[in-house]
Amino acid sequence: MQHPPELARLVNEIRGLQKEFPKTAEVVHFEPPQQDLKNIHLEGRPWLQIYTLDLPENELVSLFTRLQTLLAKYQPFEFIKKLEFERVLGGTASYIKGNFDPAKSDAAILGANPDSYLFFLQELLKPFLKSWAGLIRPYIEHDRWLLNICPACGHTPVGGRQERNGGRRFLVCSLCETEWLFNRVTCPACYNNDHPALGYFTVEGAGGWRVSFCNKCSSYIKEIISDNPVSALDFELAIQLDLLAEREGFRR
């Protein structure tokens with residue numbers, strides 16, 4: 001699939017930067033109590049509602065500074081030039097817990113587009129959340145979750161992946177990039193499983209990418225047919241699919 005050159009350059013630069021973090025991640029022995037495992041799967045509580053993630057502030061400052069320099073070159077992120085780390089740090093806990101209101105208030109104060117500001121926060125925190133999520137993935141019981149939020153951090157999916165062999169469908173977390181099992185014939189937005197109300201369309205030359213939609217709630221999700229994991233930034237790159245879905249009247 002062809003990508004807008006500037007967007008492709010931005011994504012590649014972010015991807016390269018994030019690979020350097022976290023630099024000093026410690027190997028942590030993580031063995032959750034059995035009662036926590038029970039609560040998580042029976043009550044549908046993501047791990048980060050039970051455990052608190054301690055962010056390495058020195059590394060976060062370092063990534064903030066470099067990401068700020070990188071994004072300032074791009075027009076949608078002009079606000080970032082006047083963004084102070086203390087303001088960002090104060091809103092990280094709420095953002096990680098899924099409360100975006102403080103971040104949206106900060107965006108309004110800065111005169112920033114809320115989506116651009118949320119994207120910045122997401123990419124700032126992603127390397128640390130991915131590292132942390134790696135500790136708990138072995139404890140995820142996929143067949144007992146089947147919800148439309150990430151079992152690790154509770155954030156929503158950026159897209160989906162369906163296996164070529166076996167046909168299992170996974171959702172991909174927008175923040176920590178955890179993959180989790182989800183029903184093939186169910187809408188990830190409203191849980192509608194009425195087959196005639198669900199559908200998908202493909203784009204010529206898209207290489208396995210498609211848009212799955214729900215006529216009941218008018219939502220859509222970008223998906224790829226692949227046996228290999230796909231990063232959240234790959235879904236962000238597939239902006240062609242967003243434009244086509246929105247043209248057909250669907251929304252994310």
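The values are calculated or read from the model by the stated rules, or taken from the named source; none is laboratory data. On a predicted model such as this, the values are computed, not experimentally measured, just so you know. Don't worry about glycine lacking a Cβ; one is built from the backbone with ideal geometry, like all the others, and counts go over all protein chains shown. Heavy atoms of the whole protein, side chains included, go into the accessibility calculation; ligands, DNA and RNA do not. Shrake-Rupley method; radii C 1.70, N 1.55, O 1.52, S 1.80 Å.
Of all residues in region 223-252, those being touching a Phe, Trp or Tyr at 6+ places or on another chain (Cβ under 7 Å) and among the hydroxyl-bearing types (Ser, Thr, Tyr) number 0. So, Trp145, is that one open to solvent by 10 Å² or more (accessible area, probe 1.4 Å), over 30 Å from Ile40 (Cβ atoms), among the aromatic types (Phe, Trp, Tyr) and touching a residue at least 60 places away in the same chain (Cβ under 8 Å) or not? Here the answer is no, as Trp145 does not meet what is asked. Considering region 41-67, and only residues there that are under 20 Å from the mean Cα position of the chain (by Cα) and part of a helix (DSSP H, G or I), the residue that is surrounded by the fewest Cβ atoms within 10 Å (Cβ to Cβ) turns out to be Gln49. Consider region 209-233 and keep the residues that are open to solvent by 50 Å² or more (accessible area, probe 1.4 Å) and of a type outside the set (S, T, N, Q). The one that is farthest from the chain's Cα centre (by Cα) is Lys216. Taking region 115-162 as the range and being part of a helix (DSSP H, G or I) and over 16 Å from the mean Cα position of the chain (by Cα) as the test, the residues that pass are Leu135, Ile136, Pro138, Tyr139, His142, Asp143, Arg144, Trp145. Taking the numbered list (1) closer than 15 Å to Ile149 by Cβ; (2) open to solvent by 60 Å² or more (accessible area, probe 1.4 Å) in turn, Cys190 passes all entries but (2). Which residues, counting only those in region 175-212, are under 18 Å from Ile225 (Cβ atoms) and among the β-branched types (Val, Ile, Thr)? Result: Val185, Thr186, Thr202, Val203, Val211. The set of residues in region 198-208 that are modelled with pLDDT of 95 or more and surrounded by 14 or more Cβ atoms within 10 Å (Cβ to Cβ) contains only Leu198.
The single condition from (1) loosely packed, with under 15 Cβ neighbours inside 10 Å; (2) part of a loop (DSSP other than H, G, I, E, B) that Gly98 fails is (1). Taking region 163-175 as the range and being assigned to a loop (DSSP other than H, G, I, E, B) and free of Cβ contacts under 8 Å to residues at least 40 places away in the same chain as the test, the residues that pass are Gly166, Gly167, Arg168.
Here is a check on your reading of the model: is Phe120 of a type in the set (Phe, Trp, Tyr), crowded, with 19+ Cβ neighbours inside 10 Å, modelled with pLDDT under 95 and touching a Leu at 6+ places or on another chain (Cβ under 8 Å)? So Phe120 does not fit the description; no. When Asn165 is tested against (1) modelled with pLDDT of 95 or more; (2) open to solvent by 20 Å² or more (accessible area, probe 1.4 Å); (3) not aliphatic (A, V, I, L, M), just one condition goes unmet, and that condition is (1). Selection of region 47-77 for residues being within 20 Å of Asn113 (Cβ to Cβ) and either touching a strand residue (DSSP E or B) at 6+ places or on another chain (Cβ under 6 Å) or in contact (Cβ under 8 Å) with a residue 24 or more places away in the chain (or both) yields Phe64, Leu67, Leu70, Leu71, Tyr74, Pro76, Phe77.
Pairing residues of region 21-36 that are among the charged types (D, E, K, R) with residues that are in a helix (DSSP H, G or I) and modelled with pLDDT of 70 or more, at Cβ distances under 7 Å and at least 6 apart in sequence or on separate chains, gives Lys23/Glu59. Of all residues in region 104-117, those that are charged (D, E, K, R) and buried (at least 19 other Cβ atoms within 10 Å of the Cβ) total 1.
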